[in-house]
Amino acid sequence: MDKSKVDYSVYLVTDSTPAILGTKDLVRVVEAAVRGGVSIVQYRDKHSDRQTAVQTARKLLEVTRRFGVPLLVNDRVDVAVEVGCEGVHIGQDDMAYEEARKLLGPDKIIGVTASSVDEALAACKAGADYLGLGTVYATPTKKDTKSIIGPSGIRSILQALSSAGHASIPTVCIGGINARNATAVLLESSAAPQKSLDGIAVVSALVAADDPAAAARDLLAKVVTGRVPDVLRAVAEATPLSHNMTNLVVQNFAANVALAVGASPIMANYAEEAADLAKLGGALVINMGTVTPDGLKNHIQAIQAYNAAGGPVVLDPVGAGATSIRRSAVQTLLSSGKFTIIKGNEREIHTISNTSSAIVQRGVDSSSTLSIPQRAALAKSVSRSTGGGAVVVLTGKTDIVSDGVRTLRIDNGHEYLGRVTGTGCTLGTTLSAMVAAFRGKKSPLVAAVAGLVMFEIAAERAGVRDDVRGPGTFVPAFLDELSALREETVRGDVKWLAGAKVEAVEVEEE
Ligand SMILES: Cc1ncc(COP(=O)(O)OP(=O)(O)O)c(N)n1
Ligand SMILES: Cc1ncsc1CCOP(=O)(O)O
């Protein structure tokens, strides 16, 4: 497992005691929680003998490997070595980091607990791969906690890490976190803009839950929501290039949306420029809206330039399926390189899924025809079918976002978005800004949700303004509100986020 790719967003720490696990089977609980969206698991068992611990760790490893998430073992480095899992988590009173590293080798993950600035800095200096910060709130799960530090204590540690040049070390917090307080803890802990938490770690919120999969979904939605301001602040900080190869209709509008969300737009359709532009840390938008043979050639060359430079690419397959030319154009684009985000309406995404269906034959109407579970399954399967694991954003009254493992729905927006040309295309531009600025955080899913939430809440705010009397007056108000959301977020005012309607969706395994 590539340590740099580990996703710490929803971190499950297990507990096998009857007071928390009850009579449930631990392995089943972990499997359900991972299905629900847990991205990393720590086997924490203070009571079992070594043989039992090794047996349980092996069973857990079979589950976590199946889902591609890392398994760490708490404290018991020997157990981790014996089962060959991805690493360990050690506390201040456990084996020293250096000794654990010697036993595990350079490739395994070693996480360290830190309750203070000094402990955090020392763990970074030693070489820890991530930090577990806490205890945030007192919790019956761990009675021997030495210090309760609250979100403000977490913020102080994050600030110190940033000042000391450790802004990139992943951090999670632990202690009394659940779906009710997760978003608030993430928002309050954030040491904007340099350093924020990468996730939350929980024991009882998942292990004691009657339905651990549903609890994990709930937590995932709250964590993603809590990270939205991090993405917006990252955009404001980086002002990333949004390189648009877009259609003739939206050039001006898309450039203005890019500016409003905090990006630097360049509308450049000549692919010879792409190799240079790709080196500037931005993202590319390929919008098929006014497809031509020449345009297609330029798109392919630009995609390859961004792929070569490791830059994100957003594909907006406008009208895919409307004509046979567009159907083959989208296939050509998909086979020409990798995409970070593929954004389209139901019909466009369905065309990409390349399955024959009534929807494809029904015409260009993009209104919703599938149920939410069907839309979620479609987005997830398209994400999985694109080799590079693109995040699929399926737009509509309810938007679906899937990275092939986790699938979320967003229910924000305003009807005026459907009455102005180019709003879908400018959403693609918005997503490019988010994914460019958040690329160090390795979570295009979070970046995509942030873009959608910002875009749609700006529309909601614009739509109810007294000066907005229809789609014409909506456009300038919408630009104003995008810009206002950015400014509010940068100065730490994130009250607007209370209006975000983000939920994780259960999708049947194929
Ligand atoms: C992710 C994470 N963070 C902190 C801890 C606490 O570890 P520790 O201080 O060793 O306490 P115990 O877990 O051993 O009670 C953790 N386990 N995981
Ligand atoms: C292991 C650990 N370390 C600090 S608090 C804690 C327990 C967290 O449990 P819960 O998530 O149930 O509050």
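The values are calculated or read from the model by the stated rules, or taken from the named source; none is laboratory data. Since this is a predicted model, take the numbers as computed values, not measurements. Counting neighbours? That spans all protein chains shown, and the Cβs are built from the backbone with ideal geometry, glycine included.
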Matching entry among Ser152, Ser190, Ser163, Ser147 (being crowded, with 18+ Cβ neighbours inside 10 Å and of a type in the set (S, T, N, Q))
Ser190
Do you know which residues across the stretch 478-497 are touching a helix residue (DSSP H, G or I) at 6+ places or on another chain (Cβ under 9 Å) and without any contact (Cβ under 8 Å) to a residue 12 or more places away in the chain?
Glu487, Glu488, Asp493, Lys495
When the stretch 133-151 is examined, which residues are found to be polar (S, T, N, Q) and modelled with pLDDT of 95 or more?
Thr135, Thr139, Thr141
Under the condition of being farther than 18 Å from Ile169 by Cβ and within 14 Å of ligand 2 (Cβ to nearest atom), which residue from the stretch 77-124 is modelled with the highest pLDDT?
Asp93
Can Ser116 be described as more than 24 Å from Tyr43 (Cβ to Cβ) and within 11 Å of ligand 1 (Cβ to nearest atom)?
no
Options Ala213, Ala182: the member that is of a type outside the set (D, E, K, R), more than 30 Å from Cys425 (Cβ to Cβ) and within 16 Å of ligand 2 (Cβ to nearest atom):
Ala182
Taking the stretch 463-510 as the search range and keeping residues that are among the basic types (Lys, Arg) and part of a helix (DSSP H, G or I), which one is surrounded by the fewest Cβ atoms within 10 Å (Cβ to Cβ)?
Lys495
Say whether the condition of being out of contact with any Cys (no Cβ under 6 Å at 6 or more places or on another chain), more than 16 Å from ligand 2 (Cβ to nearest atom), under 16 Å from Asn74 (Cα atoms) and assigned by TED's automatic domain parsing to the domain that holds Thr17 is met by at least one residue in the stretch 128-139.
yes
Which residue is farthest from Val10 (Cα to Cα), if the candidates are limited to the stretch 35-53 and must be within 16 Å of ligand 1 (Cβ to nearest atom) and within 30 Å of the chain's Cα centre (by Cα)?
Asp45
Within the stretch 286-293, does at least one residue satisfy the condition of being out of contact with any Gly (no Cβ under 7 Å at 6 or more places or on another chain), surrounded by 24 or more Cβ atoms within 10 Å (Cβ to Cβ) and not in a helix (DSSP H, G or I)?
yes
Considering each residue of the stretch 185-198, count those that are in a helix (DSSP H, G or I) and more than 12 Å from ligand 2 (Cβ to nearest atom), and give that number.
4
For Ser168, the lone unmet condition from (1) small (Gly, Ala, Ser); (2) over 24 Å from Asp45 (Cα atoms); (3) not in a loop (DSSP other than H, G, I, E, B) is (3)
State all residues of the stretch 190-207 that are touching a residue at least 40 places away in the same chain (Cβ under 8 Å) and within 16 Å of ligand 1 (Cβ to nearest atom); if no residue qualifies, say none.
Leu197, Asp198, Gly199, Ile200, Ala201, Val202, Val203, Ser204, Leu206, Val207
Residue identified as under 25 Å from the mean Cα position of the chain (by Cα), surrounded by fewer than 18 Cβ atoms within 10 Å (Cβ to Cβ) and modelled with pLDDT of 95 or more among Ala275, Ala308, Ala283:
Ala308
Residues located in the stretch 382-415, provided they are assigned to a helix (DSSP H, G or I), buried (at least 19 other Cβ atoms within 10 Å of the Cβ) and not hydrophobic (A, V, I, L, M, F, W, C)
Ser383
